[in-house]
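Just below is one structure, and these are the notes that go with it.
Bear in mind these aren't lab numbers, they're just calculated from the coordinates by the rules spelled out. Please read all numbers here as calculations on a predicted model, not as lab measurements. Here Cβ is always computed from backbone atoms with ideal geometry, including for glycine, and neighbour counts include all displayed protein chains.
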Amino acid sequence: MKIATWNVNSLTARLQHVLDWLIANPVDVLCLQELKMTDDKFPLEVLKSAGYEAAVFGQKTYNGVAILSLAPVRDVVKNIENFADEQSRVIAATIETPSGPLRVVNCYFVNGQEPGSEKFAYKMKWLGALHDYLAREIAAHPNLVLLGDFNVTPEDRDSFDPVGLKETIHHTTEERNHFKALLDLGLTDSFRMFEQPEKSFSWWDYRMLGYQKNRGLRIDHILVSEPLVPRVTGCVIDRVPRKWEKPSDHAPVVLELGPGA
DNA sequence: ATGGTCGCTAAGCGA
């Protein structure tokens with residue numbers, strides 16, 4: 001089965017891209033971030049016509065996340081449990097698969113603007129809360145996928161300019177330590193299980209011909225829990241829709257899972 | 001050269 005993540009930067013602006021991409025890439029699960037719409041505006045019917053159910057956690061203007069799935073979703077949880085958050089950034093759900101239940105945790109991590117800012121402090125607090133929530137979530141659901149827009153480059157090789165951007169947003173030691181803490185929960189960055197092209201990125205700034213010059217960052221990730229690791233058969237970034245007219249600034253990332261034991 | 005480009009929403013914010 002295939003599970004994908006895509007920050008669409010407004011589902012209103014990108015609905016046709018999503019539909020076109022799903023026709024070419026009929027993944028089992030597609031997790032979306034930055035819907036930038038309230039639940040009542042979510043295009044449930046058109047996605048249903050495309051074969052997908054949806055669990056939605058929207059918000060006006062900013063943020064907003066959704067899980068699209070061919071198979072039914074259940075036990076939907078919105079937000080990080082025990083963390084008061086006014087922003088719609090996390091939605092989790094269980095999907096019944098032929099290999100058993102799979103917990104999917106879809107996140108739009110805080111951007112953080114710049115180190116030292118109030119938004120950065122919020123990012124650190126949010127990351128700490130996510131970590132504690134995930135520790136409980138993994139214990140309850142051994143087969144778990146954590147995916148989304150992490151707004152963190154895990155390593156220098158995930159940035160087009162790790163020297164010039166050292167300790168700037170998405171590159172700070174503090175952010176990377178939070179990413180490592182997620183790995184310490186037993187999660188594995190599926191993208192790095194495989195040989196990948198150098199300078200593989202998932203986001204490129206709209207400004208300064210960022211995409212054309214491949215001035216990008218790898219900040220969209222798919223992490224898998226320990227029992228899933230032997231089932232991972234691939235993880236790729238699909239740059240194709242980044243070349244379409246009026247693209248999202250992010251490209252989809254796609255995980256392939258084998259059937260397992 | 002202290003900007004640049006989007007999206008949302010109607011001047012400025014967030015990314």
| query | Within the set A:78/A:119; A:41/A:166; A:125/A:213; A:2/A:119; A:41/A:180, which residue pairs have Cα atoms separated by over 32 Å? | reply | A:41/A:166; A:125/A:213; A:2/A:119; A:41/A:180
| Projected label distance in nm at residue A:233 and residue A:125, using a 7 Å step from Cα toward the beta-carbon | 4.5 nm
| query | Can you give the helix-only mean residue ellipticity at 222 nm for chain A, where every DSSP H stretch with n ≥ 4 adds -39500 (n - 2.57) and the sum goes over all residues, rounded to the nearest 500 deg cm²/dmol? | reply | -6500 deg cm²/dmol
| remark: Residue-ordered couplings for the stretch A:83-92, obtained by feeding phi - 60° into the Karplus form 6.51 cos²θ - 1.76 cosθ + 1.60 and rounding to whole Hz (Gly and Pro as x), are 9, 5, 9, 7, 9, 8, 10, 9, 9, 10
| note | Per the 1/(1 + (r/R0)^6) rule, R0 = 25 Å and r from the Cβ atoms of residue A:214 and residue A:19, FRET efficiency to 0.05 is 0.40
| How much net charge surrounds residue A:94 when only other residues with a Cβ under 11 Å from its Cβ are counted (Lys, Arg +1; Asp, Glu -1)? | -1
| Backbone N within the stretch A:28-62 under 16 Å of label point (7 Å from residue A:118 Cα along the Cβ vector) | none
| request: Return the Cα extents of chain A along principal axes one, two and three, sorted largest first, each rounded to a whole Å. | output: 46, 41, 39
| message | Whole-Hz ³J(HN,Hα) for each residue in the stretch A:146-159, computed from phi via Karplus 6.51 cos²θ - 1.76 cosθ + 1.60 with θ = phi - 60°, x for glycine and proline: what do you get? | response | 10, 8, x, 8, 7, 6, 9, 8, x, 9, 4, 5, 8, 10
| query | Sorted by mean Cβ packing within 10 Å, highest first, what order do the peptides A:141-148, A:210-217, A:46-53 take? | reply | A:141-148, A:210-217, A:46-53
| What are the ³J(HN,Hα) values, in whole Hz, obtained from phi via the Karplus relation 6.51 cos²θ - 1.76 cosθ + 1.60 with θ = phi - 60°, for each residue of the stretch A:3-15 in sequence order, with x given for Gly and Pro? | 10, 10, 10, 7, 7, 8, 6, 5, 6, 4, 6, 10, 4
